[in-house]
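The values are calculated or read from the model by the stated rules, or taken from the named source; none is laboratory data. The shown structure was predicted, so the numbers you read here are calculated from the model rather than taken from an experiment. Here the Cβ is made from the backbone with ideal geometry for all residues, glycine too, and neighbour counts use every protein chain on show. We work out accessible area using only protein heavy atoms, side chains counted, and drop any ligands, DNA or RNA first. Shrake-Rupley method; radii C 1.70, N 1.55, O 1.52, S 1.80 Å.
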Amino acid sequence: DYFKQSPKPQPKIQKIEIRFIPDRQTQLAELLSGGADFLMHVPKDQADQGKKMPGLQVVSGETMRIVFMQINSQSSSPYPMLKDVRVRRAINHAIDRQSMVKNLVGEGSRVLHTICFPAQVGCTDEGAPRYEYDPSKAKKLLAEAGYPNGFEIPLGAYRERHQTEALIGYLKAVGITASLSFLQYAALREQVRGNKAALTHQTWGSFSVNDVSAATPNYFAFEGEDITRDPEVRDLLAEGGNTVDLNRRKQAYKKALALIAERAYAVPLYTLPVYYAATAGLVFKSYPDEIP
């Protein structure tokens with residue numbers, strides 16, 4: 001009974017049954033046995049495995065979801081080492097983003113240098129410093145900051161645990177021992193808002209809104225999850241978000257994003273793709289808004 005005069009065509013699939021199967025191997029087994037036709041959010045290793053199987057198709061696509069590490073550097077942070085910009089820059093230099101994209105994240109992902117999705121209006125990394133993977137430089141910066149032997153610190157995360165564990169390995173290699181606290185998203189968010197988090201491994205999808213206003217201000221405009229509290233960045237984001245003059249908007253966001261990168265308030269990592277697996281007869285395409 002779909003509205004026939006709608007620009008959208010009449011549906012060809014009469015019924016969709018959604019099943020929640022927690023175990024990843026069982027999901028793939030159901031697909032192979034004909035018990036399921038379509039899987040979302042397939043892990044990269046299973047997607048690589050699925051590509052070799054007859055009767056199965058695997059499609060990946062970039063999404064607007066960005067991945068980053070948040071650093072609690074505000075004046076009230078209970079982790080004084082994170083207030084030192086040299087430590088924050090060391091953390092940035094410690095992570096090999098390119099290798100993570102190639103070996104862990106997969107097709108459709110790209111390295112980021114600022115906290116926004118590249119297609120969003122106002123998103124740019126022009127003028128922002130780039131922290132290349134350089135563990136020797138990271139160690140030197142830590143020593144200059146008074147931590148030649150590194151330090152211990154908690155790291156919170158809520159998804160893509162294998163990626164979090166890779167981040168922990170990179171930090172360990174430069175002397176930072178991060179203890180993992182793997183939580184539900186709501187619990188992690190409360191830790192951030194309650195000024196209890198140190199480092200966090202997070203993602204943000206911008207609610208599929210293609211503008212910087214839906215991403216960066218959530219973490220840098222004195223909202224509940226802002227654990228930097230830089231008034232200069234806040235004011236630039238407000239300037240960009242409160243004008244319809246496109247050039248002014250872009251310039252304000254550009255300055256804000258460059259300051260966030262220069263002061264190493266976070267670690268931009270990469271965009272997050274989604275792998276889909278389906279039976280060969282099902283025709284579909286991936287969309288950046290993560291809604292197939």
Reviewing [x] 150; [y] 114; [z] 129, the figure for volume of the Cα convex hull per residue in Å³ actually calculated from this model sits under [x]
Taking N as the number of residues in the range 1-143, the ratio of its alpha carbon radius of gyration to 2.2 N^0.38 Å works out to 1.52
For the range 247-287 the trypsin sites (Lys or Arg not before Pro) that pass both the DSSP coil test and the at-most-10 other-Cβ-within-10 Å test are K285
Net charge near A264 (other residues with Cβ under 13 Å of its Cβ; Lys, Arg +1; Asp, Glu -1) is +4
Percent relative contact order for the chain, counting Cα pairs under 8 Å at least six residues apart, stands at 33 percent
Taking protein heavy atoms only, a 1.4 Å probe, and rounding to whole percent, the accessible area of the chain owed to carbon and sulfur comes out at 51 percent
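Quick one: plug the Kirkwood hydrodynamic radius of the range 201-292 (C-alpha pairs) into Stokes-Einstein at 25 °C, 0.890 mPa s, and report D in µm²/s.
Approximately 162 µm²/s, per Stokes-Einstein.
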Computed over the chain: longest principal axis from alpha-carbon atoms vs helix 85-94 long axis, angle to nearest 10 degrees, is 40 degrees
Counting only DSSP loop positions in the range 85-177, the GluC sites (Glu not before Pro) whose Cβ has at most 11 other Cβ atoms within 10 Å are E126, E132
Only helices counted: for the chain, with every DSSP H run of 4 or more residues adding -39500 (n - 2.57) and the sum spread over all residues, [θ] at 222 nm is -9500 deg cm²/dmol
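Which pairs, out of K44/K196; K44/K83; K8/K51; K83/K172, put more than 28 Å between their alpha-carbon atoms? Don't jump to the answer; show the numbers that get you there.
Working: K44/K196 32 Å; K44/K83 36 Å; K8/K51 32 Å; K83/K172 20 Å.
Among K44/K196; K44/K83; K8/K51; K83/K172, the Cα-Cα distance tops 28 Å for K44/K196; K44/K83; K8/K51.
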Rounded to the nearest 10 degrees, the helix 161-173 long axis (Cα) sits at an angle to the longest Cα principal axis of the chain of 30 degrees
Comparing P273, P118, P11 in a Gaussian network model of the chain (Cα, 10 Å), the one with the largest mean-square fluctuation is P11
For S75, the net charge from surrounding residues (Cβ-Cβ under 15 Å; K, R +1; D, E -1) works out to +1
For the range 1-70 the chymotrypsin sites (Phe, Trp or Tyr not before Pro) that pass both the DSSP coil test and the at-most-16 other-Cβ-within-10 Å test are Y2, F3, F20
In order over the range 199-214: 3J(HN,Hα) from phi, Karplus 6.51/-1.76/1.60, θ = phi - 60°, whole Hz, x for each Gly or Pro, gives 10, 9, 9, 10, 10, 8, x, 6, 6, 6, 8, 8, 8, 4, 4, 8
In degrees rounded to 10, the 0-90 angle between helix 24-33 Cα long axis and the longest Cα principal axis of the chain is 20 degrees
Taking a label point 7 Å from the Cα of N195 along Cα-to-Cβ, the residues of the range 219-260 whose backbone nitrogen sits under 14 Å from it are 224-230
Regression test value, accessible area per residue of the range 49-137, probe 1.4 Å, units Å², expected 42 Å²
Comparing Q163, Q49, Q74 in a Gaussian network model of the chain (Cα, 10 Å), the one with the largest mean-square fluctuation is Q49
Mean-square fluctuation maximum in Gaussian network of the chain, Cα pairs under 10 Å, restricted to I95, I21, I71, hits I21
Non-local residues with an amide H under 5 Å from the amide H of R65, with H modelled 1.01 Å from N and Pro and chain starts lacking one, are L272
Sorted by chain and number, the residues with a modelled amide H under 5 Å from that of Y147, at a separation of 5 or more or across chains, are none
Karplus ³J(HN,Hα) for the range 281-292 (6.51 cos²θ - 1.76 cosθ + 1.60, θ = phi - 60°; Hz, whole; x = Gly/Pro) runs x, 8, 9, 7, 9, 8, 10, x, 7, 6, 10, x
